[in-house]
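Only one structure is covered here, and it is reproduced in the block below.
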Amino acid sequence: MTSASQTPSIKIAPSVLPADFARLGDECVELEQAGVDRIQWDVMDGRFVPNLTFGHDVIASCRSAVSVPFEAHLMIEQPDHLIPNFIEAGCEIIIVHAEACLHLHRTLAMIKELGASPAVALNPHTPVDTIAHVTDLLDMVLVMTVNPGFGGQAYISTMEPKIRETRLLLDQADHWIDLEVDGGISSATVSGAAAAGANVLISGSWMFKHADGKAAAITELRQLAHEAWTSRES
Ligand code: DX5
């Protein structure tokens, strides 16, 4: 059992989906200099989601440009055969979708055996108890606050009770498990997500479009998330 009142580290991570793909390495350097805790790569296969992005070779080409951890958000049907490539490309955290894995327990165990951090993503319609029997293998759960496939979508606030339910489940584990949210995260939505129990916040379009730049965006999100999380304990 982890302490429900445990104050975790708040982690702010960008999705590079809105980045200029012609300058991905430079964009990663700018994000690291702006103070991100890690970088999320939204990998889309055009089947699990109706969009297509980049593969492990693109990620590998950016690996040596920065030292912040990379996480691969695999929006890929049946990802097992590609997971070793993403780890080899330098992704420390591998996020698979519960809906995309025929044998989720086996997939998560494989990620762990390969030395990466296993994480699972849940689409908005997917119930929390889908992961009830694999929390021993998890370092993180991603509760999607949009339907996956595109950046710039509206935050689905009805996911907040699901975030709370997920946090309660993860607090039953014998180790800390991060709770990440992704989709429509901005200064207007981060407090609701963090107050519900999210400590890892993914932001794409809002961070890239912030009028005062990425560093200001990161600072603002971190401050709001920390205030919201501590309000949970009072
Ligand atoms: C959806 C993607 C997006 C992206 C962030 O498949 O995963 O959620 O990371 O998008 P924004 O922050 O622009 O909503």
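Please treat every number below as a calculation from the coordinates, not as lab data. Being a predicted model, the structure only gives us computed values, none of them experimental. Positions of Cβ are generated from backbone atoms using ideal geometry, with glycine treated the same way; all protein chains shown enter the neighbour counts.
Annotations for the structure displayed:
- Count of segment 96-153 residues, restricted to those that are among the β-branched types (Val, Ile, Thr) and closer than 12 Å to Asp182 by Cβ, is 4.
- Test: Gln153 is within 15 Å of the ligand (Cβ to nearest atom) and either in a loop (DSSP other than H, G, I, E, B) or of a type in the set (S, T, N, Q) (or both): yes
- Applying the criterion of at least 3 residues that are over 22 Å from Ala19 (Cα atoms) and either within 12 Å of the ligand (Cβ to nearest atom) or out of contact with any strand residue (DSSP E or B) (no Cβ under 9 Å at 6 or more places or on another chain) (or both) to the helices (runs of 4 or more DSSP H) found wholly in segment 170-234 leaves 190-196, 214-233.
- When the residues of segment 135-150 are filtered to those that are more than 8 Å from the ligand (Cβ to nearest atom) and outside any loop (DSSP other than H, G, I, E, B), the one that is farthest from the chain's Cα centre (by Cα) is Asp136.
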